[in-house]
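Worksheet: one structure, shown below.
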Amino acid sequence: MSETDENHILSTCDGGVQILHIHRPDKKNALTGEMYRALANGIRMADNDPAVRVILLRGEEDCFTSGNDVNDFVGSDDRSGERPSVLFMKAIAHARKPLVAAVNGLAVGIGTTLLMHCDLVYAADDAWLQLPFARLGLCPEAGSSYLAPLLMGHQRAAELLLLGERFSAEKARECALVNEVLPAAQVLPRALERAKALAALPAEAVQTSKHLLKRPQQAAIDETIALELVNFSRLLHSEEAQAIMQAFLARKRG
Ligand code: COA
């Protein structure tokens with residue numbers, strides 16, 4: 001097992017499946033810049049390792065990820081748009097090998113948008129998801145303003161991305177974000193079993209098939225990520241967004 005970023009991203013290989021485990025339980029698996037970098041590197045390395053056939057993303061048993069670390073949203077003077085999260089977005093958007101996700105607990109922000117880039121997604125029946133960008137004074141990211149309407153249609157995407165309320169794993173399945181909803185304890189075993197089933201198939205055929213499935217969207221995803229980023233950076237520096245972030249961070253101090 002290799003460990004990076006003070007053990008916040010754990011990486012293990014099991015039967016041709018590279019498991020990237022988000023592990024920052026005391027902060028609900030909030031993703032820091034270093035964690036994004038470690039995830040992006042993990043995907044790149046898995047893509048380049050012939051022994052790896054499939055990449056599986058998982059979190060804790062009670063938490064997939066609460067999304068971007070809000071501390072990194074506050075007082076950031078980076079207006080270039082080149083945040084480390086972008087490396088991760090590009091890595092998941094361009095991964096050649098199949099991406100499988102096991103979602104337990106909660107998946108907020110990029111925890112949900114990353115699922116739109118995965119090939120197979122398994123979620124717990126008690127998990128909830130949320131795309132809270134507009135509520136935070138921000139806008140969609142990771143290509144979700146293109147992928148969400150494509151997956152679920154405009155009205156359902158607007159409900160999730162504009163109102164930004166929590167929604168259940170079952171609703172995520174109805175919206176085509178999730179393949180199967182299972183009792184919490186079965187999510188990881190099922191995701192691993194499906195990942196191993198994929199890993200047992202002819203690798204070149206699986207990767208070529210994935211490429212063909214994704215190819216028609218690729219240019220639009222790249223363009224959308226870039227456009228979202230310009231707007232996200234602008235909104236992030238608004239007084240409104242900064243006040244909302246500060247309020248979240250201050251809520252326990254008050
Ligand atoms: N960024 C930074 N810290 C976070 C975080 C995030 N995204 N999510 C959780 N944390 C931290 C909390 O500040 C808290 O830290 P503390 O113990 O030092 O005070 C710890 O993780 C536990 O979180 P807590 O809020 O106490 O857990 P909860 O079960 O009551 O609520 C959430 C969980 C996910 C609903 C809540 O933490 C939350 O809303 N987080 C922010 C989600 C978000 O807006 N993400 C950005 C999306 S773009």
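The values are calculated or read from the model by the stated rules, or taken from the named source; none is laboratory data. Here the structure is a predicted model, which means the values were calculated and not measured. When we count neighbours, we look across all protein chains shown, and the Cβ atoms used for this are built from the backbone with ideal geometry, even at glycine. Heavy atoms of the whole protein, side chains included, go into the accessibility calculation; ligands, DNA and RNA do not. Shrake-Rupley method; radii C 1.70, N 1.55, O 1.52, S 1.80 Å.
List of remarks:
- Farthest toward positive dipole pole in the stretch 124-254 [+1 Lys/Arg, -1 Asp/Glu at C-beta], among Tyr146, Pro216, Ala176: Ala176
- For the chain, lysine pairs separated by 8 or more sequence positions, or belonging to different chains, with Cα-Cα distances below 21 Å total 8.
- Fully extended contour minus Cα-Cα distance, from Leu249 to His94, at 0.36 nm per residue: 52.5 nm
- Placing dummy labels 7 Å off each Cα toward the beta-carbon, the span from Ser168 to Ala200 is 3.3 nm.
- Ordered from largest to smallest accessible area (heavy atoms of protein chains, 1.4 Å probe), the residues His117, His154 come out as His154, His117.
- Multiplying the residue separation of Glu239 and Ala158 by 0.36 nm and removing their Cα-Cα distance gives an extension gain of 26.7 nm.
- The stretch 33-150 - percent relative contact order, Cα under 8 Å, separation 6 or more: 28 percent
- The alpha-carbon positions of the stretch 2-185 define a convex hull whose volume is 111 Å³ per residue.
- Average accessible surface for the chain: 47 Å² per residue, computed with a 1.4 Å probe over protein heavy atoms with every protein chain in place.
- Rounded to 5, the percent of DSSP beta bridges in the chain classed as antiparallel: 35 percent
- Accessible surface of the chain [probe 1.4 Å, protein heavy atoms]: carbon and sulfur percent: 54 percent
- Take the Cα of Asp26, step 7 Å toward its Cβ, do the same at Leu151, and the gap between the two points is 3.2 nm.
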